[in-house]
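Data first, discussion second: the structure below is written as structure tokens.
Read the figures in this text as sums done on the coordinates, not as results from a lab. Note that the structure is a prediction, hence the values are computed from the model and not measured. Quick reminder, even Gly has a Cβ in these numbers, built from the backbone with ideal geometry, and neighbours come from all protein chains shown.
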Amino acid sequence: MMLHFRDPAKLKTKKIVFEEAYAARDSTTLEQLKELSSKRRMIEESINESSSITTAIAREMSGGLTSRSEQVLHNLEMYLPLLENFIFHVGMISNFGQIVRWNSELKMQWTSALSSSSFFNFKGPKYFQINSLQFEIGMTLFLYGAILRERALEVLPADLVQSATLFREAAGVFHHLAHKVLPILQYSLTAERPPEVVSSVSAVMSLICLAEAQAVTIKRAEEKGTTVGLLAKLHHGVAELLDDAAGVLNTASRECNDISSRIVEFISCCKALHELKSQKYFAESLKIANQFGAAIGVLRVALVDVKKKKMPGQESWKCVLKEEIDKFAELLRKHEHENEFVWHEKVPSEDELPKPEGNKIASIIPYQPKRWERQLAFKI
């Protein structure tokens, strides 16, 4: 069973009207700005849950899509190419002061889904305003990656291949954010910033998505009857990806001290879960190789290690982990009983035990920005 962490997709934003802030020089540009505002309004209404249209109309407008996550993805895929084109043409304006004034009038505001202050704000969601178009595209892309991840979880029970692909696509979006979009924004940031605009936070999300893609691949491998030795390596690979994510998150917390503890707890719980699964399969492979004593030693050490860890986090995560620990303890009891009455093998000390190797096979699907090339002209 996979743990679910849905917080990243819980973003909200305030209305933006591009044609009221930016002065169009001709009617064609004005129409393009109105279309940009219209496409964004569809995203605003879907994520703010403020739309007045019926479910049937929403389905018709999105080409027959019934899933909410699919509808949001459709709206984002309609908006992003227009936004890319808008940013391209604004970037050609030499009057930087005018751009600053226009951006200020846009009042681009987003909440944070990963900010600790967002969870303890009794006055309603806290909105962050940064007067830069890179902030708008950065937050929109973060939402896009988060909704791709939601869709991957949604299709998981029915289609493992599609689920893994969606996780890899989400990893590609977050990787693009971390390396291509957010570094440019750093010059415009104030001290008060949402975690979503910190490059290393997107790098963490990319690694989480890769770990989830590999976890889905393992489910498929288990169904196909893959050898226990390879399954041990694959689960250990997931744990290594999550360990990498924890390391990058530590860096991110130095850049932004307002990161929610929930993402730390999710990574810790996930890592512990896959470490247990890895050790279970590793012990099985040792048993097959006639190293029964070593198999028992591996199970003992893993069980002691996981019980030492304090596992905060939401109740559903702890329930899944507890269930896995209970199964693990029962497996150890059976092995110890069998060894006592049948094999009589010595159990090596912890220092003498073999260590599992990790195998990371999940890779990102690179995000390729699309730009609908349309001419825009502004009054300077």
Over 24 Å between alpha carbons, listed pairs Lys308/Lys355; Lys10/Lys318; Lys180/Lys219: Lys180/Lys219
Other-chain or far-sequence residues with amide H under 5 Å of Ile259's (modelled H): Ser116
If I fit a long axis through the Cα atoms of helix 199-224 and take the longest principal axis of the Cα atoms of the chain, what angle between them do I get, 0 to 90°, rounded to 10? 50
Isotropic mean projected area of the C-alpha convex hull, region 266-319 (nm²): 3.6
Got a sec? Charge dipole of the chain, +1 on Cβ for Lys and Arg, -1 for Asp and Glu; which of Gln291, Thr165, Ser132 is way out at the positive end? Ser132
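Residue separation times 0.36 nm, minus the C-alpha to C-alpha distance between Thr66 and Ser117: what's the value? Mind showing how you got there, number by number?
On the way: separation 51, 0.36 × 51 = 18.36 nm, distance 3.38 nm.
Full extension of this stretch gives 15.0 nm more.
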Cβ under 11 Å from Arg168's Cβ, Arg168 left aside: what net charge do those residues give with Lys, Arg +1 and Asp, Glu -1? -1
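Rounded if a/c is under 1.5, else prolate if a/b beats b/c, else oblate: with a ≥ b ≥ c from the C-alpha gyration tensor eigenvalues square-rooted, which is region 288-351? Before the final figure, lay out each step's value.
Values: a/c = 3.43, a/b = 2.14, b/c = 1.60.
In terms of gyration-tensor shape, prolate.
Going by a ≥ b ≥ c, the root eigenvalues of the Cα gyration tensor, does region 110-198 fall in the rounded group (a/c under 1.5), the prolate group (a/b larger than b/c) or the oblate group?
Working: a/c = 3.26, a/b = 1.53, b/c = 2.13.
It is oblate, given that a/c is not under 1.5 and a/b is not larger than b/c.
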Which whole-angstrom value gives the distance between the alpha carbon centres of region 70-94 and region 190-239? 29
Computed [θ] at 222 nm, helices only, for the chain once each DSSP H run of length n ≥ 4 contributes -39500 (n - 2.57): -21000 deg cm²/dmol
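Shape call for region 76-159 from the C-alpha gyration tensor, a ≥ b ≥ c root eigenvalues: rounded (a/c under 1.5), prolate (a/b greater than b/c) or oblate? The partial results should precede the final answer.
Values: a/c = 4.01, a/b = 1.39, b/c = 2.89.
Cα axes put region 76-159 in the oblate bin.
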Compute the distance in nm between two label points, each set 7 Å from the Cα along the Cα-to-Cβ direction, one at Glu49 and one at Glu352. 5.9
Please report the net charge: other residues with Cβ closer than 12 Å to the Cβ of Asn48, K and R +1, D and E -1. +3
For the chain, the longest principal axis of the Cα atoms and the Cα long axis of helix 160-176 enclose an angle in degrees, to the nearest 10, of 60
Can you return the aspartates and glutamates within cross-link range of Lys34? Criterion is Cα-Cα under 20 Å, with same-chain partners fewer than 8 residues away left out. Glu19, Glu20, Asp26, Glu44, Glu45, Glu77, Glu84, Glu105, Glu136, Glu373
Within straight-line cross-link reach of Lys224, lysines at Cα separation under 25 Å, skipping those fewer than 8 residues along the same chain: Lys233, Lys271, Lys277, Lys280, Lys287, Lys327, Lys360
Karplus-derived HN-Hα couplings along region 326-338 (A = 6.51, B = -1.76, C = 1.60, θ = phi - 60°), whole Hz, x at Gly and Pro: 4, 5, 5, 4, 5, 4, 4, 4, 5, 5, 5, 5, 5
Go ahead and run the numbers for FRET between Asn95 and Trp372, Cβ-Cβ distance against an R0 of 22 Å, rounding to 0.05. 0.35
Roughly how many nanometres apart are two label points built 7 Å out from the Cα toward the Cβ at His337 and Glu192? 6.2
When ranked by the protection proxy of mean other Cβ atoms within 10 Å per residue, highest first, what sequence do the peptides 320-333, 149-162, 128-141 form? 128-141, 149-162, 320-333
Find the relative contact order for the chain and round it to a whole percent, using C-alpha pairs within less than 8 Å whose residues are 6+ positions apart. 21
Going by amide H atoms built from the backbone, whose H comes under 5 Å of the H on Gln109, apart from near neighbours? Lys14
What whole-number distance in Å separates the alpha-carbon centres of region 305-380 and region 1-38? 38
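Considering every Cα-Cα pair within region 223-380, what fraction, in whole percent, is farther apart than 24 Å? Before the final figure, lay out the partial values.
Working: 5938 of 12403 pairs.
Summing the P(r) tail past 24 Å for region 223-380 gives 48 percent.
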What is the diffusion coefficient of the chain in µm²/s, taking the Kirkwood radius over Cα pairs and the Stokes-Einstein relation at 4 °C with a viscosity of 1.567 mPa s? 57
Any idea what angle helix 133-155 forms with the longest principal axis of the chain, computed on alpha-carbon atoms, 0 to 90 degrees, nearest 10? 40
